[in-house]
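Enquirer: Mind having a look at this structure? Questions to follow.
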Amino acid sequence: MFATLLLVLALVSTPVASPIAVDFTPDTTVVLTGEPIVSPLVTTDAIIVALASGDVVALSLDGEPLWDTPLPAPASNALVLMDDLVLVPGEDGSLYVLDRASGDIEETVVLASQPLVQPIVVEESLFVGDIRGTIHVVDRTDFRETNAIVVGSELYPGAVLVGDTIVVVADTRVATAIDTQTQTVLWQSVLADNAFVLATTPADEIVIGGEHGFVTLLAPTGEAIWQSAAGSLPVTDVTMTDSGVVVSLEDGMVVELDDATGSVNWRSVATSRVWFPTDQCSESCLVMTDTGMLASLDVTDGAITPIVVVATEVTVAPVLSAGRLVVPLTNGTLLIWNHAAE
């Protein structure tokens, strides 16, 4: 079962500068035979990784193999934990429901013939979009499809939950909100830029980063609070600070926008594109460049301090959760770092 896994216990890395003052120690490297294709799902007791081959692999937080389940198709978007189940949206339009403990396939729910986006779990239902613009409503007890809501001809591959409302982007630049209780469209808001990144703030506002560097902040009711030009290239990731919204751009620019006005608080330039492993930062946070450099970002002024180089290429966003920073590499290597203080 675990022929696809090789555990390597020493993480070899090349220091670039003195580490920041946190207890952040290299722990484990796991080599997989397949390439991770979406961000790992990190739970309180496991790291679950979807590979390009279609396999879904579970490891303990220390990298020990737990289970390895081959699926008929690879995952098309982020995996989601629902109680004791793992939801895997498939490239083939099926939603695969795996047992969290064993990896057994409990259900295969055929919803479409095209890739699915990240499932959203609410009280009694799952809302799963497909890239052709339909949101499928699935009963979370028996996994029957109970409704289909058409929001456009194309669906941006992401969704966020704001209270009882799901927000997606249809037809590249139409933000669309769906009431999960009535399963109807509440509002639509036309954006000034094609959407690339979708996130929420602690105040349940919606942040949308665009293809040409525009960032839009929408109120939960759909009204635009502000729109700001962070740059001219695509927005690639978003995180929140106490004072604003921090975005990274494709060219390595990192910008903090004031949460009230959208004005630029600071700009900083990294060596390459930056990933934010967490949704929120306070004072400073860890970041990872797509060229494999781990660094510290000071969110008061944007200063970026290199810590260590761990790879030559990172194409899937790393995750910091449950005291672990998990970094998937294109060669099938999974780096797991202990992080005592998140």
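Enquirer: For the range 234-264, how many residues meet the condition of being crowded, with 16+ Cβ neighbours inside 10 Å and either hydrophobic (A, V, I, L, M, F, W, C) or in a loop (DSSP other than H, G, I, E, B) (or both)? Talk me through it step by step, then tell me what you get.
Expert: Initial filter on the range 234-264 (crowded, with 16+ Cβ neighbours inside 10 Å): 234-241, 244-250, 252-257, 259, 262.
Narrowing the set further to residues that are either hydrophobic (A, V, I, L, M, F, W, C) or in a loop (DSSP other than H, G, I, E, B) (or both) leaves 234-235, 238, 240-241, 245-247, 249-250, 252-255, 257, 259, 262.
Looking only at that region, the number is 17.
Enquirer: Can S153 be described as hydroxyl-bearing (S, T, Y) and touching a His at 6+ places or on another chain (Cβ under 8 Å)?
Expert: Details: hydroxyl-bearing (S, T, Y): yes; touching a His at 6+ places or on another chain (Cβ under 8 Å): no.
No.
Enquirer: Continuing with the same structure: At pLDDT 95 or above and either touching a helix residue (DSSP H, G or I) at 6+ places or on another chain (Cβ under 8 Å) or not in a strand (DSSP E or B) (or both): is that true of T300 in this structure? Even if it seems obvious, please write down each step before you answer.
Expert: Values: at pLDDT 95 or above: no; either touching a helix residue (DSSP H, G or I) at 6+ places or on another chain (Cβ under 8 Å) or not in a strand (DSSP E or B) (or both): yes.
It is false that T300 is at pLDDT 95 or above and either touching a helix residue (DSSP H, G or I) at 6+ places or on another chain (Cβ under 8 Å) or not in a strand (DSSP E or B) (or both).
Enquirer: Output yes when any residue across the range 104-112 is more than 19 Å from D164 (Cα to Cα), outside any strand (DSSP E or B) and in contact (Cβ under 8 Å) with a residue 60 or more places away in the chain, and no when none is. Walk me through how you get there before you give the answer.
Expert: So in the range 104-112, the residues more than 19 Å from D164 (Cα to Cα) come out as 104-112.
Keeping just the survivors that are outside any strand (DSSP E or B) gives 104, 111-112.
Now narrow it down to the ones that are in contact (Cβ under 8 Å) with a residue 60 or more places away in the chain: none.
Scanning the range 104-112, I find no residue that is more than 19 Å from D164 (Cα to Cα), outside any strand (DSSP E or B) and in contact (Cβ under 8 Å) with a residue 60 or more places away in the chain, so the answer is no.
Enquirer: Which one of T271, T172 is within 26 Å of L320 (Cα to Cα) and either in contact with a Lys or Arg (Cβ under 8 Å, 6 or more places away or on another chain) or assigned to a loop (DSSP other than H, G, I, E, B) (or both)? First the steps, then the outcome.
Expert: Numbers: T172 fails: within 26 Å of L320 (Cα to Cα).
When all the criteria are applied, what remains is T271.
Enquirer: On to the next question. State all residues of the range 138-160 that are surrounded by fewer than 20 Cβ atoms within 10 Å (Cβ to Cβ) and either assigned by TED's automatic domain parsing to the domain that holds A219 or of a type in the set (S, T, Y) (or both); if no residue qualifies, say none.
Expert: T141, T146, S153
Enquirer: Working only within the range 67-84, note down all residues that are assigned to a strand (DSSP E or B), among the hydrophobic types (A, V, I, L, M, F, W, C) and surrounded by fewer than 18 Cβ atoms within 10 Å (Cβ to Cβ).
Expert: L81, M82 - these are the residues of the range 67-84 that are assigned to a strand (DSSP E or B), among the hydrophobic types (A, V, I, L, M, F, W, C) and surrounded by fewer than 18 Cβ atoms within 10 Å (Cβ to Cβ).
Enquirer: Somewhere in the range 128-135, is a residue under 21 Å from G34 (Cβ atoms) and among the basic types (K, R)?
Expert: No.
Enquirer: So which residues in the range 161-172 are modelled with pLDDT of 95 or more and crowded, with 19+ Cβ neighbours inside 10 Å?
Expert: Across the range 161-172, the qualifying residues are T165, I166, V167, V168, V169.
Enquirer: For the range 266-315, name all the residues that are crowded, with 18+ Cβ neighbours inside 10 Å and acidic (D, E).
Expert: If the condition is that a residue be crowded, with 18+ Cβ neighbours inside 10 Å and acidic (D, E), then D290 is the only one that fits.
Residues are listed down the side, and each one gets a yes or a no for (1) among the aliphatic types (A, V, I, L, M); (2) under 24 Å from G210 (Cα atoms):
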{"position": "P74", "(1), (2)": "no, no"}
{"position": "A101", "(1), (2)": "yes, no"}
{"position": "N147", "(1), (2)": "no, no"}
{"position": "T172", "(1), (2)": "no, yes"}
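The values are calculated or read from the model by the stated rules, or taken from the named source; none is laboratory data. Quick caveat: nothing in here was measured; it's all calculated off a predicted structure. Neighbour counts run over all protein chains shown; Cβ positions are idealised from the backbone, glycine included.
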